[in-house]
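What follows is a set of notes on a single structure, which appears directly below.
The values are calculated or read from the model by the stated rules, or taken from the named source; none is laboratory data. The model shown is predicted, which means the values in this text are computed figures rather than measured ones. Methodologically, a virtual Cβ is constructed for each residue, glycine included, from the backbone with ideal geometry; neighbour enumeration extends over all protein chains shown. Please note that ligands, DNA and RNA were not included when accessible areas were found on the heavy atoms of the full protein model with its side chains. Shrake-Rupley method; radii C 1.70, N 1.55, O 1.52, S 1.80 Å.
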Amino acid sequence: MANPGQEPGAEPREQGRASVVDRRMIIIGVPLLAGLAAAGAVTGYVLGGDKPAEGGADGDDEAPTPSTTPTAAEGPYPTDTMLVRLDEGESSSIYSTTPGSGDRTKLADSGHDALPQWSHDRQTIVYIRNDGRWWQIVTMRPDGSDPTVVADRVGRGTRVCWSPDDKQLAYVDTWEGRSQLFTFTLGDEKPVRVTRSKDDKDDPTWSPSGDVVAMWINTKGNRQIALVQLDEPDATPRWLTKDEVNCADPCWSPDGKWIAYTRNGAAGGQSDIWMVRPDGTDNQPVTSGTAQDMDPTWSPDSKWIAFTRGRVQEPSVWIARPDGTEEQQLTVGGVYERHASWS
């Protein structure tokens, strides 16, 4: 399928990689992009702006050392199959895992796969991959079979979300130099552009009611969580956060009562998981401290939140109750996991 906003036969665009790096660097506050740009090499590996640093503070070329191997966390959290992106050297793949078991099954291994998302009926997985030329949106079965490119030459590595009936996908692509929200009905040939605003935006998550998408939108220099009404896309967004720090990665709870998201901390390199009601009330932290927490996802019963914790070179998956209690690490064996999808 041709990329919206791109003339037929045009050369593949490269700005998608930079846009993803920018999104991740602003949220976690790591000045990696500048170093990569200076070196003149933003590689296809940088799916989320998190290529492992080369060399330590003293200039050594040693790879980052995995953190102490944890033991498997014990319930009573749900054991519904979780999807994760797992980094291995300079490649990343999609795996399925039973939370806390340490058992993993590789599902997608192109070398540059990221941001897997379960369909609501858990019969299909959507994810993004970079084939070395441009980004693609791909679906596959829960066992990794039948990989199908549903959107080719996508201009940026965007998070993709499902409509409540699993018949449509929403994502962000570049149109005339601006990032815009698109929806795509599976089986159709062309996506539909929803938004027209000049504000940068990304990370859509579809409401269980089906009429609204939550996403971050850049307003007055900060990325804030807002709601976009699908039948009134030109209306003023309904702002759920109004902070002086960047927010991103919104994720709607399956019961529709909360939206979890990533919020920058006061200190550089710090970010926490927060949650807010869809009407903008009860905005409150789930995690706190000096760690880098990001990319929340809800358990199917809406009683737990899984998220990525740790430096971009050494990420792991953790879970906690929405009130911040019973926090525990799920990643087992010193591997580097992120981009969890639980529901």
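Check whether at least one residue in segment 308-315 is closer than 21 Å to S163 by Cα and modelled with pLDDT of 95 or more, and report yes or no. Working first, answer last.
Narrowing segment 308-315 to residues closer than 21 Å to S163 by Cα: none.
There is no residue in segment 308-315 that is closer than 21 Å to S163 by Cα and modelled with pLDDT of 95 or more.
Could you please find all residues in segment 282-294 being at pLDDT 95 or above and either open to solvent by 40 Å² or more (accessible area, probe 1.4 Å) or on the phi > 0 side of the Ramachandran plot (or both)?
Within segment 282-294, D282, N283, Q284, P285 meet the criteria.
Name the residue, out of R133, R153, that is among the charged types (D, E, K, R), part of a loop (DSSP other than H, G, I, E, B) and more than 18 Å from T97 (Cα to Cα).
On the way: R153 fails: part of a loop (DSSP other than H, G, I, E, B).
Among R133, R153, only R133 is among the charged types (D, E, K, R), part of a loop (DSSP other than H, G, I, E, B) and more than 18 Å from T97 (Cα to Cα).
For segment 297-343, name all the residues that are in a loop (DSSP other than H, G, I, E, B), of a type in the set (S, T, N, Q) and buried (at least 24 other Cβ atoms within 10 Å of the Cβ). Walk me through how you get there before you give the answer.
Within segment 297-343, the subset in a loop (DSSP other than H, G, I, E, B) is 299-304, 310-315, 321-327, 330-335, 342-343.
Of the ones still in play, those that are also of a type in the set (S, T, N, Q) are 299, 302, 313, 325, 331, 343.
Residue satisfying the conditions is T331 alone.
Would you mind stating whether T174 is open to solvent by less than 60 Å² (accessible area, probe 1.4 Å), assigned to a loop (DSSP other than H, G, I, E, B), β-branched (V, I, T) and in contact (Cβ under 8 Å) with a residue 24 or more places away in the chain?
Considered against the rule, which asks whether it is open to solvent by less than 60 Å² (accessible area, probe 1.4 Å), assigned to a loop (DSSP other than H, G, I, E, B), β-branched (V, I, T) and in contact (Cβ under 8 Å) with a residue 24 or more places away in the chain, T174 comes out as no.
Looking at the structure I just gave you, is D255 part of a loop (DSSP other than H, G, I, E, B), within 22 Å of V160 (Cα to Cα) and either open to solvent by less than 10 Å² (accessible area, probe 1.4 Å) or at pLDDT 95 or above (or both)?
Yes: the conditions hold for D255.
Could you tell me which of the residues A248, A226 is touching a residue at least 60 places away in the same chain (Cβ under 8 Å) and either part of a loop (DSSP other than H, G, I, E, B) or open to solvent by less than 10 Å² (accessible area, probe 1.4 Å) (or both)?
The unique qualifying residue is A248.
Look at V126 and say whether it is among the hydrophobic types (A, V, I, L, M, F, W, C), at pLDDT 95 or above and crowded, with 18+ Cβ neighbours inside 10 Å.
Judged against the criteria, V126 is a match.
Kindly indicate the residue of segment 262-281 that is in a loop (DSSP other than H, G, I, E, B) and over 15 Å from W252 (Cβ atoms) and also most open to solvent (accessible area, probe 1.4 Å) among those meeting that condition.
Kept after step one, since they are in a loop (DSSP other than H, G, I, E, B), are these residues of segment 262-281: 265-270, 277-281.
Still in the list and also over 15 Å from W252 (Cβ atoms): 265-270, 281.
Numbers: G265: 13, A266: 113, A267: 57, G268: 83, G269: 16, Q270: 29, T281: 64 Å².
Filtering first and then ranking leaves A266.
Could you tell me which residue of segment 229-241 is nearest to R178 (Cα to Cα), considering only residues that are of a type outside the set (D, E, K, R) and either in a loop (DSSP other than H, G, I, E, B) or at pLDDT below 90 (or both)?
Across segment 229-241, the extreme among qualifying residues is P233.
Does segment 205-217 include one or more residues that are acidic (D, E), assigned to a strand (DSSP E or B) and either open to solvent by less than 20 Å² (accessible area, probe 1.4 Å) or out of contact with any helix residue (DSSP H, G or I) (no Cβ under 9 Å at 6 or more places or on another chain) (or both)?
Among the residues of segment 205-217, not one is acidic (D, E), assigned to a strand (DSSP E or B) and either open to solvent by less than 20 Å² (accessible area, probe 1.4 Å) or out of contact with any helix residue (DSSP H, G or I) (no Cβ under 9 Å at 6 or more places or on another chain) (or both), which makes the answer no.
If you check M294 against the conditions, is it out of contact with any Phe, Trp or Tyr (no Cβ under 6 Å at 6 or more places or on another chain), in contact (Cβ under 8 Å) with a residue 12 or more places away in the chain and not in a loop (DSSP other than H, G, I, E, B)?
It is true that M294 is out of contact with any Phe, Trp or Tyr (no Cβ under 6 Å at 6 or more places or on another chain), in contact (Cβ under 8 Å) with a residue 12 or more places away in the chain and not in a loop (DSSP other than H, G, I, E, B).
Of all residues in segment 74-106, count the ones that are assigned to a strand (DSSP E or B), open to solvent by 50 Å² or more (accessible area, probe 1.4 Å) and of a type in the set (V, I, T).
1
Answer yes or no: is there a residue in segment 294-303 that is within 23 Å of R238 (Cα to Cα) and aromatic (F, W, Y).
Taking every residue of segment 294-303 in turn, at least one turns out to be within 23 Å of R238 (Cα to Cα) and aromatic (F, W, Y).
Residues G210, G221, G280: which one is out of contact with any strand residue (DSSP E or B) (no Cβ under 8 Å at 6 or more places or on another chain) and touching a residue at least 40 places away in the same chain (Cβ under 8 Å)?
G210
Pairs only if they're at least six apart or on different chains, beta carbon under 6 angstrom, first in segment 128-153 and hydrophobic (A, V, I, L, M, F, W, C), second open to solvent by 40 Å² or more (accessible area, probe 1.4 Å) and not in a loop (DSSP other than H, G, I, E, B); list them, first residue then second.
So the pair list comes out as W134/R153; V138/R129; V138/V149.
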